[in-house]
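Inspection log for the structure reproduced underneath, given as structure tokens.
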Amino acid sequence: MAVALDWLGVATFRLTVDGLTIFLDAYMDRVPAAPPVGLSTATVDRADFVLIGHSHFDHLWGAERIARNTGATVIGSHESVRLMVNEEVPEAQLIAVAGGERVRLSDSVTVRVFPSQHSCIWARAGAADEVCLGDRGLTLQERQVNLQERAGRRFNADTPAMAEVKAHRQASDQRPRGEGGALAYLIETPEGSILWKDTSGHWTGVLRDLRPDVALLAAAGRGNVDGEPIQGSLAQFVAREAEMLRPRRIVLSHHDDWMPPVTRPVDISPIREELVRQASYTELVEMDYREGYPILSNVR
Ligand SMILES: [Zn+2]
């Protein structure tokens, strides 16, 4: 059974399993200044399912075009599904989940859905090896004030590149209610299992018993551990996830320069080093866009 994985930027992947094409997130139509990923939603001509990790534009936007062009079924939170209804994706192509479901994708492939956590976008974050402390115990209202202040600083430059970012943000704004609830997915195939999370957060009690063969982990921002920002670095957060999951292989995502000049690429070398120290049984696959990587070969 052939299993191939393409990274398409941010946390978007295309997984091909025995002829079944599954998109993990749908964001690939980016600002002109972002490095091209080799595929756009307009050129996707085959998709059976689109799994959505959460409702932010850099994950969900594009799912409606893939669904319309290919007839694919979109699986996501009730909020992601609500936004797809607004985009006039037929109800028959939508499956709303909240965690706890096992969805059949084909005769041989199923996906289990788990509740997850979004990274702490409202808290201070730094480079992958920068230890960030504090920001604990804040109320939702205090977090929202912090988030607005941070957003104001990020988008205030008056340059042509920023004008493109603002136009892109307007075009991609489906008016989500926040992130709409973050989800993790465990895709189970006869060749092995793949856990995919599209943002740096988790519930410890959910992750620690899953034991996937492969983990696709987001590496960006300030990690969220059980609802509070990690007191440590992003590299330590990723290593913590690796220790709990004990996968044979890890692929990172969300570390690319996906919306310059607002984003900067994450230097993943501290993550590579931390994984060698704390999870040496795991192979870190450093993937470029659209590699068609045989992700499940020799994982067992
Ligand atoms: Zn997000």
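The values are calculated or read from the model by the stated rules, or taken from the named source; none is laboratory data. Small disclaimer: the values here were computed from a predicted structure and weren't measured. Counting neighbours? That spans all protein chains shown, and the Cβs are built from the backbone with ideal geometry, glycine included.
Computed quantities for the displayed model
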{"item": "Residues of region 170-217 satisfying the condition of being among the hydrophobic types (A, V, I, L, M, F, W, C), within 16 Å of the ligand (Cβ to nearest atom) and outside any loop (DSSP other than H, G, I, E, B)", "result": "LEU183, ALA184, TRP196, LEU216, LEU217"}
{"item": "Residue list for region 263-289, filter: of a type outside the set (S, T, N, Q), within 20 Å of TYR27 (Cα to Cα) and surrounded by 17 or more Cβ atoms within 10 Å (Cβ to Cβ)", "result": "VAL266, MET287"}
{"item": "From ALA96, ALA167, residue being more than 16 Å from the ligand (Cβ to nearest atom), free of Cβ contacts under 8 Å to residues at least 60 places away in the same chain, under 19 Å from the mean Cα position of the chain (by Cα) and farther than 28 Å from ILE230 by Cα", "result": "ALA96"}
{"item": "Hits in region 61-77 - residues which are within 13 Å of ALA26 (Cα to Cα) and within 15 Å of the ligand (Cβ to nearest atom)", "result": "TRP61, GLY62, ALA63, GLY76"}
{"item": "Restricting region 239-272 to residues that are without any contact (Cβ under 8 Å) to a residue 60 or more places away in the chain and in a helix (DSSP H, G or I), the residue that is farthest from SER297 (Cα to Cα)", "result": "ARG240"}
{"item": "Subset of region 282-299 [touching a strand residue (DSSP E or B) at 6+ places or on another chain (Cβ under 6 Å) and within 16 Å of ALA215 (Cβ to Cβ)]", "result": "THR282, GLU283, LEU284, VAL285, MET287, TYR293, ILE295, LEU296, VAL299"}
{"item": "Where LEU210 falls short, out of the listed (1) farther than 11 Å from ALA128 by Cβ; (2) free of Cβ contacts under 8 Å to residues at least 24 places away in the same chain", "result": "(2)"}
{"item": "Given (1) more than 30 Å from SER108 (Cβ to Cβ); (2) surrounded by fewer than 23 Cβ atoms within 10 Å (Cβ to Cβ); (3) touching an Asp or Glu at 6+ places or on another chain (Cβ under 7 Å), number of the condition GLY232 does not satisfy", "result": "(3)"}
{"item": "Index of the failed condition, SER80 passing every other in (1) more than 15 Å from the ligand (Cβ to nearest atom); (2) under 16 Å from the mean Cα position of the chain (by Cα); (3) crowded, with 21+ Cβ neighbours inside 10 Å", "result": "(1)"}
{"item": "Qualifying residue in region 107-114 (condition: out of contact with any strand residue (DSSP E or B) (no Cβ under 7 Å at 6 or more places or on another chain) and away from the ligand (no atom under 16 Å from the Cβ))", "result": "yes"}
{"item": "The listed residue being modelled with pLDDT of 95 or more and within 16 Å of the ligand (Cβ to nearest atom), out of ASP48, ASP58, ASP29", "result": "ASP58"}
{"item": "Some residue of region 120-143 being on the phi < 0 side of the Ramachandran plot, basic (Lys, Arg), within 14 Å of the ligand (Cβ to nearest atom) and in contact (Cβ under 8 Å) with a residue 24 or more places away in the chain", "result": "no"}
{"item": "Of the criteria (1) in contact with a Gly (Cβ under 9 Å, 6 or more places away or on another chain); (2) closer than 19 Å to ALA11 by Cα; (3) assigned to a helix (DSSP H, G or I), which one ALA235 fails", "result": "(1)"}
